[in-house]
Amino acid sequence: MAGDQTPIVLTWPDVTKTVNTIAGQVRADRLPDVLVGVLRGGLVPAVLLSHHLGVREVRAVEVAHTLDDTVNADKSDTPQVVNPAALGDLKGKDVLLVDDIAGSGDTLVCTVGLLHDAGATRVRTAVLTVNRANWHRPQSPTDVVRYLGHHVDSWVIFPWEAPA
């Protein structure tokens, strides 16, 4: 169980390497029109990817599943969406949805729906890390996440997070 694992602490060089890998995967596929970062943790990799890809349009939406910032924090039953109108009009856009980590996959699935509702014609997903210890979907993470940095089996602390 994830709660029994020692957290993995990632460094900026770890993140940079992962972003470079994902940027290469995206470039090989096709550049998106816009990147959308899931607030809060997904905004940092979304901005980093936007610079690597040369895509200036970055938007954000708050979809939270974790209840607080503590290690192995509890999660709500379903992702909580805050102000989906902040996405604006995505009609006809090819969107790359970016998050720092996918645990259950629920946040990604919920947010993909929001992006389609906002008019996106193509939505791809990218995450730095999948925590397999929390994954409960019948599909594998690679069926939900198009561009994936790496898998872990524990809580992850990213360099932009304050120590708990």
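The numbers here are math on the coordinates, done by the rules we state, and not lab data. Here the structure is a predicted model, which means the values were calculated and not measured. For neighbour counting, all protein chains shown are included, and Cβ atoms are generated from backbone atoms with ideal geometry for every residue, glycine included.
Within the stretch 130-152, track down each residue that is farther than 22 Å from residue 113 by Cβ and touching a strand residue (DSSP E or B) at 6+ places or on another chain (Cβ under 7 Å).
132, 149, 150, 151, 152
How many of the residues in the stretch 125-140 are over 10 Å from the mean Cα position of the chain (by Cα) and surrounded by 20 or more Cβ atoms within 10 Å (Cβ to Cβ)?
Within the stretch 125-140, residues that are over 10 Å from the mean Cα position of the chain (by Cα) and surrounded by 20 or more Cβ atoms within 10 Å (Cβ to Cβ) number 2.
Filter the stretch 121-142 down to the residues that are touching a helix residue (DSSP H, G or I) at 6+ places or on another chain (Cβ under 9 Å), under 20 Å from residue 23 (Cβ atoms) and not in a strand (DSSP E or B) and list them by number.
141
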